[in-house]
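A.B. asks: Mind having a look at this structure? Questions to follow.
All of the numbers you see were taken from the coordinates with simple rules; none came from a lab. Keep in mind that this is a model prediction, so the values were computed, not measured. Note: ideal-geometry Cβ built from the backbone for every residue, glycine included; neighbour counts use all protein chains shown.
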Amino acid sequence: MTLLITTWIKFFVLFAPFFVVSMFLSLTRGDTVAERRSTANKAVLAATLAALILFFFGSPLFELLGITIDSFRIGAGILLFLSAISLVKEGIRTNAQVPDTIREDTSVVPLAIPTIIGPATIGAILVYGSELHGVEMLFGLSGMLLALLSLLLLLHIATRLERILGKTGLNILSKITGLILAAMASEIVLTGITGFMNRIGH
């Protein structure tokens, strides 16, 4: 149960929920309530499918490419750290760009990919999926799905959140998320370096 809660929190932070909410509000400005709900459902569904593929096929991909999990931890951690710096430094303004022209459907691109499932998120999901085995994988998968469900709930109440918190409040929460992501990234990198050094030692 502890692993479930821990994984849920990790993935929830990893998906940068308040940044996603800000992007969602920008992309659906002027849409009806029904249209916003539909966009949120499609976006999270697309993100879930992408996350499941990454979660289950991380290890075979590493074997196919001849990449060790420790090497990928270091690379993914660095990428996640850069993403965290961007969130802390620039807040909700620069992580993804709102299209100048109105798109027919923004639920998959750019909302699901790359806003929810971006390069740094892809790397982290691959790492977590490869680290967990047996019962741990079941808890990890459940935590990831709970995080996506939590994100969906936030998107459904995004308008209320904007009314309560305002853009400044969302920006502050986005920066706090960035700080936590930086700590997670450091942990991933240090784990990769430790594993790499242990292999050299043996």
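A.B. asks: Assuming 0.36 nm per residue, please report the length gained on full extension of the stretch Ser59 to Ile85 beyond their Cα-Cα distance. All intermediate terms of the calculation are to be shown ahead of the outcome.
C.D. replies: Details: separation 26, 0.36 × 26 = 9.36 nm, distance 2.81 nm.
My answer for the length gained is 6.6 nm.
A.B. asks: Across the chain, how many lysine pairs separated by 8 or more positions, or lying on different chains, have Cα atoms within less than 24 Å? Don't jump to the answer; show the numbers that get you there.
C.D. replies: Working: Lys10/Lys42; Lys10/Lys89; Lys10/Lys175; Lys89/Lys167; Lys89/Lys175; Lys167/Lys175.
Final tally of qualifying lysine pairs is 6.
A.B. asks: A follow-up question, please. Tell me, Ile180, Ile200, Ile85 in order of fewest to most beta-carbon neighbours within 10 Å?
C.D. replies: On the way: Ile180 17, Ile200 7, Ile85 14.
Taking fewest neighbouring Cβ atoms as first place, the list is Ile200, Ile85, Ile180.
A.B. asks: Stretched out fully, how many nm does the piece from Glu131 to Leu165 gain, at 0.36 nm a residue minus the Cα gap? Please list the in-between numbers first.
C.D. replies: On the way: separation 34, 0.36 × 34 = 12.24 nm, distance 3.69 nm.
Extra length available between Glu131 and Leu165 comes to 8.6 nm.
A.B. asks: Okay, moving on. Residue by residue through region 113-118, what is 3J(HN,Hα) from phi via Karplus (6.51 cos²θ - 1.76 cosθ + 1.60, θ = phi - 60°)? Round to whole Hz and write x for glycine and proline.
C.D. replies: 10, x, 6, 7, 10, x
A.B. asks: Note down the nm distance, to one decimal, between modelled labels 7 Å out along Cα→Cβ at Ile176 and at Ser71.
C.D. replies: Computed distance between label sites Ile176 and Ser71 equals 4.0 nm.
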